[in-house]
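Read through the structure below, which is laid out as structure tokens, and then see the notes.
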Amino acid sequence: MDLSGITPQAFVLGLSALGAGLAMIAGIGIGLGQGIATGKALESIARQPEAKGDIMTTMFIGLAMTETSVIFALIVAIILLFANPLVGML
């Protein structure tokens, strides 16, 4: 395969798009983890209804912390796609 016709800028932009897609794959794992955590919290509430407040509070704190990972991945993907700092280094 001859890559001599590819400009460095096109190469960086292509790999940046690939990196942005890989960053967004993090959303799949986080979504599955949040679903499992919510299911386990509901099971705990079903077993001990008197501890509902503590379980819900802990669950919401955990979900908020895991959601920040997706937000960071989204920010990285947006930067790589629209404000790519790597192109300016060429």
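Here ALA20 fulfils each of the conditions (1) among the aliphatic types (A, V, I, L, M); (2) without any contact (Cβ under 8 Å) to a residue 60 or more places away in the chain; (3) surrounded by 13 or more Cβ atoms within 10 Å (Cβ to Cβ) apart from (2).
Criterion applied to GLY33, GLY29 was being under 28 Å from ILE75 (Cβ atoms), under 21 Å from the mean Cα position of the chain (by Cα) and surrounded by 14 or more Cβ atoms within 10 Å (Cβ to Cβ), and the one residue passing it is GLY33.
Across segment 43-59, the qualifying residues are those that are surrounded by 12 or more Cβ atoms within 10 Å (Cβ to Cβ) and among the hydrophobic types (A, V, I, L, M, F, W, C), and the one among them that is nearest to ALA23 (Cα to Cα) is MET59. Applying a threshold of 6 Å to beta carbon distances and a minimum spacing of six or more residues, or different chains, the list of pairs starting in segment 30-59 at a residue that is free of Cβ contacts under 8 Å to residues at least 12 places away in the same chain and ending at one that is among the β-branched types (Val, Ile, Thr) and assigned to a helix (DSSP H, G or I) reads SER44/ILE55; ILE45/ILE55; LYS52/ILE45.
Read-outs throughout are calculated quantities, based only on the coordinates presented, and are distinct from any laboratory measurement. These figures come from a predicted structure and were not determined experimentally. A quick note on method: Cβ atoms are made from the backbone with ideal geometry, for glycine too, and the neighbour counts reach across all protein chains shown.
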